[in-house]
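J.: Here's a structure for you.
The values are calculated or read from the model by the stated rules, or taken from the named source; none is laboratory data. Worth saying up front: this structure is predicted, and the values here are computed from it rather than measured. Please note: Cβ atoms are built from the backbone with ideal geometry, for glycine as well, and neighbour counts cover all protein chains shown. Just the protein is used for accessible areas: all its heavy atoms, side chains included, with ligands, DNA and RNA removed. Shrake-Rupley method; radii C 1.70, N 1.55, O 1.52, S 1.80 Å.
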Amino acid sequence: MKQYDHKKIEKKWPPSAKASAGQAEKKLRTYDHKRIEKKWQKAWAKKKAHVVKDSVKGKKNEYLLVEFPYPSGNLHVGHWYAFAIPDIYARYRRAQGRNVLYPIGFDAFGLPAENAAIKRSLNPRTWTQQNIKYMKGQLASMGASFDWSREVATIDPAYYKWTQWMFTQFYKKGLAYQKETPANWCPKDKTVLANEQVVNGHCERCGAEVEQRMMLQWNLRITEYADRLVDDLEKLDWPTQIKDSQRNWIGRSEGAEILFPLQFPVGADKLKYVLLHGFKGDVSNYDWLKSELEKLGHEVIVPHLPNASSPNEKEWVEAILGATTYDKNTVLFGYSLGAVAAMKALEKLDTKIAALVLAGGFVDPKFKDHSRNFEKKFSWKFDAITITSKVGHIHLLHDTTDTAISEDQARRLSECLGIPLTRVEAQKPHFCGDKELVLLNYLTPSVTVFTTRPDTLYGATYIVLAPEHPLLRQGFAGQAWVNQQEVNEYVTKANKKSDLERQESKEKTGVRIDGVEAINPATGETIPVFVADYVLGHYGTGAVMAVPAHDERDFEFAKKFGLPIRHVVLPVRIDEKNPHVPGKEVVFRNLVMAIVRNPQTGKYLALKVKNPQWTTFVIGGVEEGESLEEAARREIREESGYVNVKLVRALGGPIHSEFHAGHKGVNRIAHNTTLLFELEDEVREPLAPEEAEKHEVTWLNESEITRDRMSHGELDIVLNRMRTGNDVHSGQGILAYSGTFDSMPSEEAKKAITAKFGRAKKTYRLRDWGVSRQRYWGVPIPIIHCDTCGAVPVPDKDLPVKLPEVKDYLPAGNGKSPLAKAVKWVNVKCPKCKGKAQRETDTLDTFVDSSWYFLRYVDPKNKKSFADKKKQSAWMPIDLYSGGAEHTTMHLLYSRFWYKALYDLKLVKDKEPYVRRMNRGLILGPDGQKMSKRWNNVIDPDDIVAQLGADTLRLYLAFIGPYNEPGSYPWNPDGVAGVRRFLERTWRLQDKIVDDRRNSFSRPGPGETVSPEGRPEIERELHKMIKKVGEDCAELKFNTAIAAMMTFLNTAEGRGLTKQQYVTLVRLLAPFAPHITEELWASFAKASKAKHAKNSVHLQPWPKYDKKKLVSDTVKIIIQINGKMRGEAQVPASADKEAVEAAARAVVADRLAGENVARVIIVPGRLINFVTLTIKKQIV
RNA sequence: GCCGGGAUGGCGGAAUUGGUAGACGCGCACGACUCAAAAUCGUGUAUCGCAAGAUGUGGGAGUUCGAUUCUCCCUCCCGGCACCA
C-alpha cells in the first residue's frame, strides 16, 4: 500500500530558491506561484472582477450552483473539488459569452456548531461566524470567481426571516401541520431526527441507536407532492442514477384499496343503527340497507323526518333525537341533508355514540345543479369539536359521480370536521341506487386493505392488521373480540419494539383475533383476522389481505398458522414446440402430474414413451368427482403398476399450459397440478397390455431431469418448487377459481377486480417531512400557541422571530428545546385574540434552510420579498447544480418539494428548480481510504497551495477523473507533481516561441486565430486542441480537456510555436489555472498594442477552431485482413476508393499473395479491410 | 430480493455512429547532463516470445468483414430501496 510521503514531496517541491536565483539573468522569470497567485487575487478583488450583473446586453444569463458549505471551520480537499472545479466551468461559459452567476454562501445552522459551542462554552453564533470568516480566507485562495457580493448565510436574520415567512405561508395553505407522531429520537443528541437522518436504526451524526417516541411535531406535507415529485423527474436532465434513487425513495406503488366487512359473530354487543334519509327522501329509501344490517343481527331504526320536501333544522333534529335512545352502541348514518341534520343532532346530544357515517354530506349549501329550498332553514355553522367528541368513529363518504354535491363541497365538510374524505363510487349518482353496497360496507365494521395485487383477491384467505391499526385501539363501535387480552399483549409488545428490532427476525409472529371474522368481498367467505408485526402500520392502510399462494410473506405466515392456500393466478406455459393449431377445437382439462421418488435410491419414476419418443412423468386427466390425489394414484397404478405410494405434498398450484394434443387432434388448455409422492414398496400390479405397449418405466437421477430429456414445458417451475420448497407464484399469470374473472390475464384482472370490489389507489413509502428539532441552533418555528386560537402563525410584520439569547444551549432532554428556557421570549400575546400565548420553542430542521437558498442568491439584499420576481426570472431555474451524492435523496427531494410548494403559492414561476444536476465524485486519501484524521491520510489543501500553488491543485483535481461521474479518486502525490510539471513546461514554452511573421499580438481576424504560415502541423494540433478542450469542457470532462492541452504541449515543445499559438494555449488554460494564465497574458499584453490585451485573460472570448485546419493533406489508413490489423498506409486525403485499395494492397502484398479477396470494406479516411475467400466460405 | 450504475496495463483514467484498445498523467526501466544527487531532457513501457507471431478490455455464448462498444447468460463491485403488501 502506498503511503503519502510528506518528506518526499517537500523535498521535491518547491524547486529550490537557489536554482531560480541562478536563472535570474535569463529573460524569463521562473514560475513562482506564490507571487503570482496572491498578486492576481488582490487585483481581481480590487477590480470587483467577479461581481455579476443581473443582465448584460447581448449575453444570456446562466446560473451555476454548487451546494453551499457548512462552516465547519476548515476547508478540506473535498471543498476544493466541490468549488474550484465548477469554477472552471463557470469561467469557460463566460468565455463563451454567457453572463454566469456562480454564487456561494454558508449553510450555517445545525447540530455540529451547537455541539462544538457547548464543548468550548462559546456562543454558537460566535463560533460559526469565526469559522465563516476563516473559511472565506481559505476560499479566496482558490482563485474562484465567486460573486461575494451575493453571499448568503442561513443564520442571518435577514435570510431566515424568509425561511419563517415561507413556513407561515405553507401553514396557511395546510402544508404544514402539527401532529403527535412517533419520532426518531436520538438519545445522545437529544433531538428528533428525520427518517433520512436515521441510518440502519442509528443516528447519522453520532451513531447512537435511535428510539421511537411519540411527540407533537411539525410536519410538511411532502407526501401530497409525491406524485409530482416522481412524474416531473422525467423531464429533468439528470443522471438516471439520481432519478432512480429518488423514485425508490418515494416508493410509489399503484394498487387498490379493498374493503373487507367484519363480523363479530361471537359474544359481541349488537349495534343499533339510526338511518337518516335526505331532502325529499322517506323511510322506504333504506329497506334494503335495513334488511342487510338486520341479517347481521343489528337493530335498525329509520326515523321519519317531517316535511321532507320543505324541511327545517329544528323539526329534523327533534325527530332524530326523539327517535330512540342513543348510547355507545349506536351508529348514526346521515345521507345528504340527513348528514347535515345528523351533525346538528350530535351538537345537542349528551352521550357519546359509536360511529357516525355521512354519505353525500355538505356544510355549504351551494350545489352543482340548482339551489334547494332549505338553504335558509338550516344554520351553516358547525361545532366540529363537539360533533367529533361525541363519536368514536367517523366515515365521510363522497360519491365521485355525484351530480348535486361537488367534490369541493365534500372537501369543505372534511376540513370542517378534520376527518379525511373517502371517495367512493356509488351505484347511482348521489347514493341513489336500490342496493348501495358501498354504504353497507362503511356502516358495518370493516377493514380496508391496500394491495398491489387486486387480481389475487379470490385467493385472500385471511386478513392481517398491523399492531398500530386503529381498529385495535378503538375497536369499531364498541365491538370486542374474545381474546382481547392476548391481542393487547401482542400489540403492546410490538409497539415497544423499534422498526429495527421488528426486522431483526423475519420469523413471522402474530395473534389471531378470536370472535372476529372478515368477509372476502369477492368470494363471500368468512376469513380469519390476525394481528402481526410483519404488516407495517404506516404503510398503505396498515392492513393487508393475505394471499399465501402469491405472496411469500403471507405464505410463510399461512404455513406457520396452518391457513388455507388458494391458487388463483396460474403461471402460464405455452409449448412453443407444440403450439395450438389454428382452427382446431380447444378442449380444457384438469391434469395431474405425479412425481414419485424412491427414497431407497433417490431416483424418480418416469415413463419412456415409444411413439412419439419422449420421457414423461406419470401424467393424466382428472376424472369427474375424483380428487387430485385419487387421480394421481390411479394414473401411477395404470401407467407404472406401482400401488403403494405416499403423498408428500403438492408442488404449488396448477400451471396453465397450452399445447396441441397431437394424438387427440385437439388444442389443449390444461391446468396441471404436480403432486410429489414417495414409493413405499416395490409392489406392482401388471400393466394393461395397451399401456405396456405405449411406454416402459424408467428411473431417473435428479440430474437427469432436464428439459432436454423431459417433454414438459412446466418442468422449470416444477423443479424449482421441488428443490426450493417455495411454492409461491408471485408473478403474472392467468386467473382461475376467481368466478367471472377466470382465464383473464392478471394485468387485466387487476383493473377489473379493482373496479368491481375496490378503488384504485396509490401508496408511497415516503412519509411527511418532520421538521421540528428540539435544539437551539436553528430557525425558530414562527408559530404562537394560544389556548383559545390554537396554533397561530406569527404575522408577517413580526418576522423574523429572532433566535433569543440563552445561557444554556444544552437540550433539556425531556423533548423541550433550550429555547423553552428563554421565558421572556416564550410568553407573548396571541396575535389574534391578544390573550396569553406561548411561542413554539422547537427550531426547524436545517434542510429547511437549504431548501431555498439558491433563490436568495438571485436577490440577496431584498427587504421586501425573498427575491424579486424579475430577478428570479433573470436567473431561475438553475442551469446546472453540482453537488455530492449524499444529497441525492434528501436535500434534492426536499428542495424540489419546497420549490413546488412555492410554485403552487405562485411565488416562483417554474415547477422545478434544477434543470440539470450532476453528482461529483469523492477524493480519497493516498492510501485509497476515506480521508480521516484516524488514518493520518488527510491532505490539507492549504499545504498544497503553499507548496505547489492553487493553479496546480485546481488542475490536479480536474485531471483526476471525469467530473460528472461520481467515482472515487485516491490522491496521488506524484500526480500533483505531474500537473505542476505541466504548468512549468507551459511557462517555459515561452522559450520555444519562434519568429512568426507578424510577431504582433492582436485580436485575430475572422477565420483566423493565429498566423499559421510555415507551421501547418502545429496549427492543426492547435485547432484539434481548441475543438477538444471546448467539447470536453461542455461535458465537464476536464480530465480529457487537460490531456488535450498536454498533448499539444508535447508537440509544441518539440517543434516550436508562434506567439499567437502560445497565447491561444494560455486562453484555453485560463479557466483551469486562472493565476498563471493571467500572469502570462499580462506579460504578453505589455508588448502588445492591442486594446483588448490590456483586459484580463478571463475576459477574452473562447478561441474558435477552424474546421478547415483540422484536416490534413494525407490520412493514415489502417489496413486489416479479415478484421485484423496488418499494416497502415499514408494516402492523400482526396484519394478515392480505388487509390486507397491500390495503396493498401501494395503494403500487404505478401500477405495477400495466394489469397482470394472476396470482399473489400473501406471506411473512408479510416480503414480498409480485405475479406479473404476462406473466411467467406465458412460463413456461406 | 427489487431498481440503477460499473468492471479496460503496476495505478488514475482515454477510445467518434461498431473501425489502430491503452490517449494523457503517474509509476517503472534505460540513457544524457552532474564529482554525485535532485531537478531537467531523451528513449522505452499491455502480456507471452530472441523473433516472426500469438493473446488481450470481469467470465461464457451470439450478431458482424470487424465488438471495450450491440444481444443473451453468468460472476464480482458500487449506489438506492427492502417484511412497503
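J.: If you fit an axis through the alpha-carbon atoms of helix A:124-140 and take the longest principal axis of the Cα set of chain A, what angle between them do you get, 0 to 90°, nearest 10?
T.: 40
J.: Non-local amide H neighbours of A:E468 (under 5 Å, H modeled in plane, Pro and chain starts lacking H): which ones?
T.: Result for A:E468 returns A:G537.
J.: Quick query: amide H of A:L101 versus all other amide H atoms, modeled in the peptide plane; which residues come in under 5 Å with a sequence gap of 5 or more or a different chain?
T.: A:E62, A:Y63, A:L64
J.: Please report the spacing between the Cα centers of the range A:508-533 and the range A:336-373 in Å, no decimals.
T.: When both Cα centres are located, 34 Å separates them.
J.: Separate question: What is the magnitude of the charge dipole of the range A:398-445 about its Cα centre, with +1 placed on the Cβ of each Lys and Arg, -1 on the Cβ of each Asp and Glu, and no other charges, expressed in debye to the nearest 20?
T.: On the way: 5 positive and 8 negative charges, 17 e Å.
In total the dipole reaches around 80 debye.
J.: Residue farthest toward the positive end of the dipole of the range A:1014-1172, with Cβ of Lys/Arg at +1 and Asp/Glu at -1: which of A:V1063, A:V1029, A:L1099?
T.: A:L1099
J.: While we're on this one: Roughly speaking, what is the stretch gain from A:E685 to A:E180, that is 0.36 nm per residue apart minus the C-alpha to C-alpha distance, in nm to one decimal?
T.: Stretched out fully, the A:E685 to A:E180 stretch lengthens by 174.4 nm.
J.: A further question on this structure: May I ask you to compute the full-extension gain from A:D32 to A:T386, defined as 0.36 nm times their residue separation minus their alpha-carbon distance, rounded to one decimal in nm?
T.: Working: separation 354, 0.36 × 354 = 127.44 nm, distance 8.14 nm.
Difference between extended and current length: 119.3 nm.
J.: Once label points are set 7 Å from the Cα along Cα→Cβ at both A:R125 and A:T526, what is their separation, rounded to one decimal in nm?
T.: Output for this residue pair reads 6.9 nm.
J.: What distance in nm lies between label points placed 7 Å from Cα along the C-beta direction at A:K1094 and A:K428?
T.: Output for this residue pair reads 9.1 nm.
J.: Related question: Determine the percent antiparallel among the DSSP beta bridges restricted to chain A, to the nearest 5.
T.: 60
J.: Continuing with this model, one more query. Tabulate in residue order the Karplus-calculated ³J(HN,Hα) for the range A:573-589, using 6.51 cos²θ - 1.76 cosθ + 1.60 with θ = phi - 60°, rounded to whole Hz; enter x for Gly and Pro.
T.: 10, 9, 6, 5, 6, 9, x, 4, 9, x, x, 7, 5, 9, 10, 8, 8
J.: Would you mind telling me the share, in percent, of accessible area of chain A contributed by carbon and sulfur at probe 1.4 angstrom?
T.: On the way: 27300 of 53980 Å².
In chain A, the share of accessible area belonging to carbon and sulfur is 51 percent.
J.: Let me ask another. Test of understanding: what is the full-extension gain from A:A1043 to A:K493, defined as 0.36 nm times their sequence separation minus their Cα-Cα distance?
T.: Full extension of this stretch gives 191.6 nm more.
J.: Shifting gears a bit: Between A:S55 and A:A760, what FRET efficiency comes out of the Förster formula 1/(1 + (r/R0)^6) with R0 = 60 Å and r the beta carbon distance, rounded to 0.05?
T.: So the FRET efficiency works out to roughly 0.80.
J.: Name the residue from A:V438, A:L855, A:L700 whose Cα lies farthest towards the positive end of the charge dipole of chain A, charges +1 on Cβ of Lys and Arg and -1 on Cβ of Asp and Glu.
T.: Comparing the listed Cα positions along the dipole, A:L855 ranks first.
J.: Please give me the summed charge of the neighbours of A:A426: other residues whose Cβ is under 13 Å from its Cβ, Lys and Arg +1, Asp and Glu -1.
T.: On the way: positive: A:R423, A:K428, A:K435, A:R759; negative: A:D399, A:D402, A:E425, A:D434, A:E436.
Taking every Cβ under 13 Å from that of A:A426, the sum is -1.
J.: Something else: Tell me the mean residue ellipticity at 222 nm calculated for chain A from its helices only (DSSP H runs of n ≥ 4, each -39500 (n - 2.57), averaged over every residue, nearest 500).
T.: Estimated from H runs of four or more residues: -10000 deg cm²/dmol.
J.: Could you tell me how many degrees, from 0 to 90 and to the nearest 10, lie between the Cα long axis of helix A:484-496 and the main elongation axis, the longest principal axis, of the Cα atoms of chain A?
T.: The helix A:484-496 is inclined about 0 degrees to chain A.
J.: Using Cα positions and a limit of under 16 Å, work out the lysines in reach of A:K664, with same-chain residues fewer than 8 apart set aside.
T.: Once the sequence-local lysines are set aside, what remains near A:K664 is A:K584, A:K694.
J.: Still on this structure, please answer the following. Can you quote the Å³ per residue value for the convex hull of the Cα atoms in the range A:126-215, rounded to an integer?
T.: Taking only Cα atoms, the range A:126-215 has a hull volume of 172 Å³ per residue.
J.: Could you work out how far apart the two model spin labels at A:L500 and A:T1114 are, taking each label as a point 7 Å from the Cα in the direction of the beta carbon, and quote it in nm?
T.: If labels sit at A:L500 and A:T1114, their model points lie 7.1 nm apart.
J.: Where the only charges are on Cβ atoms (+1 Lys, Arg; -1 Asp, Glu), what is the dipole of the range A:306-443 about its Cα centre, to the nearest 20 debye? Mind dumping the intermediate values first?
T.: Values: 17 positive and 18 negative charges, 38 e Å.
The dipole of the range A:306-443 has a size of about 180 debye.
J.: How much net charge surrounds A:A1135 when only other residues with a Cβ under 15 Å from its Cβ are counted (Lys, Arg +1; Asp, Glu -1)?
T.: Net local charge, A:A1135 excluded: -1.
J.: Between the range A:767-795 and the range A:136-183, how far is it from one alpha carbon centroid to the other, in angstrom?
T.: So the two Cα centres are separated by 16 Å.
J.: Which of the peptides A:334-346, A:1150-1162, A:231-243 is most tightly packed, and how do the rest follow, judged by the mean count of other Cβ atoms within 10 Å per residue?
T.: Sorting A:334-346, A:1150-1162, A:231-243 by mean packing, highest first, produces A:334-346, A:231-243, A:1150-1162.
J.: Taking θ as phi - 60°, what are the ³J(HN,Hα) couplings along the range A:383-398 by the Karplus curve (6.51, -1.76, 1.60), each to the nearest whole Hz, with x for Gly and Pro?
T.: The phi angles translate into 8, 4, 4, 5, 4, 5, 6, 8, 10, x, 7, 10, 10, 10, 10, 10 Hz.
J.: Amide H neighbours of A:D514 under 5 Å, at least 5 residues apart or on other chains, H built in the peptide plane: list them.
T.: Correct list: A:V482, A:N483.
J.: Sticking with this one: What number does the range A:202-290 give for Rg over Rh if you use C-alpha atoms and the Kirkwood radius?
T.: Ratio of gyration radius to Kirkwood radius: 1.22.
J.: Counting only DSSP beta bridges with both residues in the range A:551-665, what percent are antiparallel, rounded to the nearest 5?
T.: In the range A:551-665, DSSP labels about 75 percent of beta bridges as antiparallel.
J.: Could you list, in their original order, any pairs among A:K869/A:K911; A:K59/A:K1108; A:K119/A:K807; A:K190/A:K829; A:K869/A:K906 whose Cα atoms are separated by more than 19 Å?
T.: A:K59/A:K1108; A:K190/A:K829
J.: So how far, in whole Å, is the C-alpha centre of the range A:550-577 from the one of the range A:585-600?
T.: If we compute the Cα centre of each part, the gap is 18 Å.
J.: Holding the Cα-Cα limit at 29 Å, pick out from A:K314/A:K352; A:K871/A:K1024; A:K863/A:K909; A:K179/A:K900 the pairs that are longer than that.
T.: Distance filter (> 29 Å) returns A:K871/A:K1024.
J.: Order A:426-439, A:98-111 from most to least packed using the mean count of other Cβ atoms within 10 Å.
T.: The densest-packed peptide leads the list: A:98-111, A:426-439.
J.: Determine which lysines satisfy two conditions relative to A:K559: a Cα distance under 17 Å, and not lying fewer than 8 residues away in the same chain.
T.: Partners within reach: A:K506, A:K508.
J.: Give me a comma-separated list of calculated 3J(HN,Hα) values for the range A:249-256, in order, Karplus coefficients 6.51, -1.76, 1.60 applied at θ = phi - 60°, integers in Hz, x for any Gly or Pro.
T.: Calculated HN-Hα couplings, in order: 5, 6, x, 6, 10, 9, x, 9 Hz.
J.: Using only Cα atoms, tell me the angle between helix A:973-988 and the longest principal axis of chain A; keep it within 0 to 90° and round to the nearest 10.
T.: The answer is roughly 40 degrees.
J.: Could you give the dipole magnitude of chain A about its Cα centre, charging the beta-carbon of Lys and Arg +1 and that of Asp and Glu -1, in debye to the nearest 20? Mind showing how you got there, number by number?
T.: Details: 176 positive and 146 negative charges, 1689 e Å.
Using only the charged Cβ atoms, the result is roughly 8120 debye.
J.: Could you compute Rg(Cα) / (2.2 N^0.38 Å) for chain A, with N its residue count?
T.: Cα Rg divided by the expected 2.2 N^0.38 Å: 1.23.
J.: Output the peptides A:518-525, A:291-298, A:874-881, A:450-457 sorted from most to least packed, where packing is the average of other Cβ atoms within 10 Å over each peptide's residues.
T.: Ranked from most to least packed, the peptides come out as A:450-457, A:874-881, A:518-525, A:291-298.
J.: A further question on this structure: With the dipole of chain A worked out from charges on the C-beta (+1 for Lys and Arg, -1 for Asp and Glu) around the Cα centre, which of A:A460, A:N672, A:T181 lies farthest toward the positive end?
T.: Going by the Cα projections, it comes out as A:T181.
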